[in-house]
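Participant: Sending over a structure as structure tokens; questions will come in a sec.
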Amino acid sequence: MLDSPERLSLVRDALFAIASEMNWHLQAWAILSNHYHFIAVAPTEPTTLRQLIAKLHMRTAKRLNEWDTAPGRKVWHQYWDTRITFPSSLLARLNYVHHNPTHHGVVNDATCYPWCSAGWYRQHVTSAQWNTLRSFKADRLNVPDDF
């Protein structure tokens with residue numbers, strides 16, 4: 001259902017707004033036509049993640065259904081979360097999320113994809129930091145992503 005820039009931007013912008021409202025600090029994000037990923041630093045009360053996801057799904061589904069004249073249609077079907085506890089796992093997952101559009105063949109260079117954090121991240125870190133992040137392999141991560 002996220003088959004246009006307007007729809008991708010809806011999800012990205014809602015994610016930014018709701019995460020900010022609930023004091024979750026986004027570190028990486030990728031919004032694709034049929035799924036999304038994000039990594040965020042939890043606020044003092046991390047149990048609000050379910051509320052964040054519920055609010056994101058409700059707000060975006062309602063708007064998508066309005067645009068498509070499809071009231072009550074189920075838009076979001078699955079949700080997984082993982083608590084990242086090891087620094088090397090965090091770096092591998094950041095690399096994975098930043099390059100998810102490339103992984104799925106949407107673009108050749110994820111830094112050019114406006115619904116992904118790779119471009120923002122690349123502009124705000126040194127070349128050494130970028131290269132270090134890119135060196136962390138993501139091929140052994142257990143991330144549900146068969147879309």
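The values are calculated or read from the model by the stated rules, or taken from the named source; none is laboratory data. Since the model is a prediction, treat every value here as computed from it, not as a measurement. Heads up, the Cβs are rebuilt from the backbone with ideal geometry, glycines too, and the neighbour counts pull from every protein chain shown.
Participant: Which ones in the stretch 103-139 are among the aliphatic types (A, V, I, L, M), closer than 17 Å to Phe38 by Cα and part of a helix (DSSP H, G or I)?
Facilitator: Correct list: Ala110, Ala118, Leu133.
Participant: Going through Ser4, Ser20 one at a time, which residue ends up being under 22 Å from His124 (Cα atoms), out of contact with any Phe, Trp or Tyr (no Cβ under 8 Å at 6 or more places or on another chain), among the hydroxyl-bearing types (Ser, Thr, Tyr) and at pLDDT 90 or above?
Facilitator: Within the list Ser4, Ser20, the selection yields Ser20.
Participant: Let me spell it out: the conditions are (1) surrounded by fewer than 16 Cβ atoms within 10 Å (Cβ to Cβ); (2) out of contact with any Lys or Arg (no Cβ under 9 Å at 6 or more places or on another chain); (3) at pLDDT 95 or above, and Leu56 meets all of them except one. Which number is the exception?
Facilitator: (1)
Participant: Oh, and also: Could you check the stretch 23-47 and list, in sequence order, the residues that are within 24 Å of Val75 (Cβ to Cβ), part of a loop (DSSP other than H, G, I, E, B) and modelled with pLDDT of 95 or more?
Facilitator: Those that are within 24 Å of Val75 (Cβ to Cβ), part of a loop (DSSP other than H, G, I, E, B) and modelled with pLDDT of 95 or more: Trp24, Leu32.
Participant: In the stretch 1-21, what count of residues is obtained for those that are touching a helix residue (DSSP H, G or I) at 6+ places or on another chain (Cβ under 9 Å) and surrounded by 17 or more Cβ atoms within 10 Å (Cβ to Cβ)?
Facilitator: Adding up the residues that qualify gives 9.
Participant: Only one of (1) in contact (Cβ under 8 Å) with a residue 24 or more places away in the chain; (2) over 21 Å from Arg134 (Cβ atoms); (3) surrounded by fewer than 17 Cβ atoms within 10 Å (Cβ to Cβ) is not met by Trp24, so which one is it?
Facilitator: With respect to (1) in contact (Cβ under 8 Å) with a residue 24 or more places away in the chain; (2) over 21 Å from Arg134 (Cβ atoms); (3) surrounded by fewer than 17 Cβ atoms within 10 Å (Cβ to Cβ), Trp24 is out only on (3).
Participant: May I pose another question? Take the residues in the stretch 67-102 that are in a loop (DSSP other than H, G, I, E, B) and among the aromatic types (Phe, Trp, Tyr), then tell me which one is surrounded by the most Cβ atoms within 10 Å (Cβ to Cβ).
Facilitator: By that ranking, first place goes to Trp76.
Participant: Scan the stretch 115-134 and tell me whether some residue there is farther than 23 Å from Ile18 by Cβ, touching a helix residue (DSSP H, G or I) at 6+ places or on another chain (Cβ under 6 Å), surrounded by 14 or more Cβ atoms within 10 Å (Cβ to Cβ) and in contact (Cβ under 8 Å) with a residue 40 or more places away in the chain.
Facilitator: Within the stretch 115-134 (the criterion being farther than 23 Å from Ile18 by Cβ, touching a helix residue (DSSP H, G or I) at 6+ places or on another chain (Cβ under 6 Å), surrounded by 14 or more Cβ atoms within 10 Å (Cβ to Cβ) and in contact (Cβ under 8 Å) with a residue 40 or more places away in the chain), the answer is yes, since at least one residue qualifies.
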